[in-house]
Amino acid sequence: MEKIAFFDARSYDRTYFDALAPGAGLELLYLENKLTKDTAILAQGSSAVCAFVNDDLGPETLPRLAEYGIRAIALRCAGYNNVDLKTAEKYGIRVFRVPAYSPASVAEHALALLLTLTRQTHRAFTRTRERNFSLEGLVGTNIEGKNVGVIGTGKVGIRFAAIAQGLGAKVCAYDPKPVWGSGIEYVGFDELIRRADILSLHCPLTPSTYHLLSRDAFCSMKDGVIILNTSRGALIDSEALLDNIKSGKVGAAGLDVYEEEADVFYEDVSGRVMRDDTLNLLLSQPNVLVTSHQAFLTEEALRAIAETTVENLQKFFAGEKVENELKAKEVQAASGRS
Ligand code: NAD
């Protein structure tokens, strides 16, 4: 049996991984800790690490993992912005991911955020529980006929675009690599953010997309624009978003991700003083809906994540080619970075 240190483990992970791992010759050591340079020592005695979105696989953690005998990292997610691939390569650590598990789960979560915000069902829910049946202040808007702008039309973005089209919205998109023949109108980034009533982010976080929605970008948007982010928090300058919520320029925001999420998301911090004032203020607004990076959290997605992660590790230990391997050079070339 190959031993795998499974960081940031939750009960829902165990349900799906326990069903597959033993049969694949893997012994999983479930650790509730997030992986950091300080917790890396918990991996000692394992051959590989299984990590998630907020685990730190940066230049300080990776050399320690190598020192403790870690030969591979199996990311149980699609995004890999938290991994320093060059350092991993330097220390001979192979990195695998789950490029696609259930694009629908993420796209449908973006829809859930959107409909909650446009129909104010989050506020109606708390009102009726208090026996407050007033409709004052709950006037919503239709999606039908609205301009929906999709940034990034990969697996998730294309699904979200189809959902929006199904609701009767006029969908346009920006992607440096358009999907021709998809029936989606592609426009430039500046045109997209000028045109959109609803703007949904579905591109990866890279150095070139960091703060894609910047203070300047918000200035170009329509008054009352609805922002949806189910991709990565740092695609948005959160302080600029907050200022634009306060000024009324942004009509609503549905955020499944937040740029400083690593310290709080996936944890119950309800008994603690929370020092992040930007997040505190975002959470206090009635037109901001924050979920804790849960767009992936469906039965279908969890099952697919476990299947691919286990398969990646099984192939690695068998000395076979792992299609889902991330290689620094290929990733750089694909993202157009030098
Ligand atoms: P994908 O790789 O299939 O598609 C990403 C698309 O973004 C590609 O078409 C790419 O060309 C495009 N892109 C790259 N740079 C761009 C830019 N500057 N502007 C616009 N488009 C750009 O990825 P996916 O599977 O569709 O996932 C999208 C993102 O969703 C991932 O990067 C990940 O960060 C996020 N995600 C979040 C969750 C969650 O639980 N919240 C789950 C899965 C994925």
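Go through the stretch 246-338 and tell me which helices (runs of 4 or more DSSP H), entirely inside it, have 2 or more residues that are closer than 18 Å to Thr230 by Cα.
Output list reads 277-283, 299-317.
Could you tell me which residue of the stretch 177-215 is nearest to the ligand (Cβ to nearest atom), considering only residues that are under 27 Å from Tyr80 (Cα atoms) and without any contact (Cβ under 8 Å) to a residue 12 or more places away in the chain?
For the stretch 177-215, the residue satisfying everything is Lys177.
Within the stretch 270-277, can one find any residue that is touching a residue at least 24 places away in the same chain (Cβ under 8 Å) and surrounded by 11 or more Cβ atoms within 10 Å (Cβ to Cβ)?
The answer is no, given that none of the residues of the stretch 270-277 is touching a residue at least 24 places away in the same chain (Cβ under 8 Å) and surrounded by 11 or more Cβ atoms within 10 Å (Cβ to Cβ).
Quick one: would you say Ala304 is in contact with a Phe, Trp or Tyr (Cβ under 6 Å, 6 or more places away or on another chain), aliphatic (A, V, I, L, M) and closer than 19 Å to Gly157 by Cβ?
yes
Only one of Ile193, Ile236, Ile245 is among the β-branched types (Val, Ile, Thr) and within 21 Å of Gly145 (Cα to Cα); which?
One residue alone meets the criteria, Ile193.
Do you know which of the residues in the stretch 174-194 that are out of contact with any helix residue (DSSP H, G or I) (no Cβ under 6 Å at 6 or more places or on another chain) and in a strand (DSSP E or B) is nearest to Thr206 (Cα to Cα)?
Among those residues, the one meeting the criterion is Tyr186.
Of all residues in the stretch 80-132, how many are among the charged types (D, E, K, R) and within 23 Å of Ser200 (Cβ to Cβ)?
Residues flagged as among the charged types (D, E, K, R) and within 23 Å of Ser200 (Cβ to Cβ) within the stretch 80-132 amount to 4.
Among the candidates Ala48, Ala21, which residue alone is under 21 Å from Gly79 (Cα atoms), crowded, with 18+ Cβ neighbours inside 10 Å and touching a residue at least 60 places away in the same chain (Cβ under 8 Å)?
The match here is Ala48.
All but one of (1) under 23 Å from Gly152 (Cβ atoms); (2) modelled with pLDDT under 95; (3) of a type in the set (Phe, Trp, Tyr) hold for Tyr266; which doesn't?
(1)
Looking for whichever is closer than 18 Å to Gly233 by Cα, touching a residue at least 12 places away in the same chain (Cβ under 8 Å) and small (Gly, Ala, Ser) here; the options are Ala40, Ala107. Which one fits?
The conditions single out Ala107.
The values are calculated or read from the model by the stated rules, or taken from the named source; none is laboratory data. These numbers come from a predicted model, not from an experiment. With ideal geometry, Cβ positions are generated from the backbone for all residues, glycine too; neighbour counts draw on all protein chains shown.
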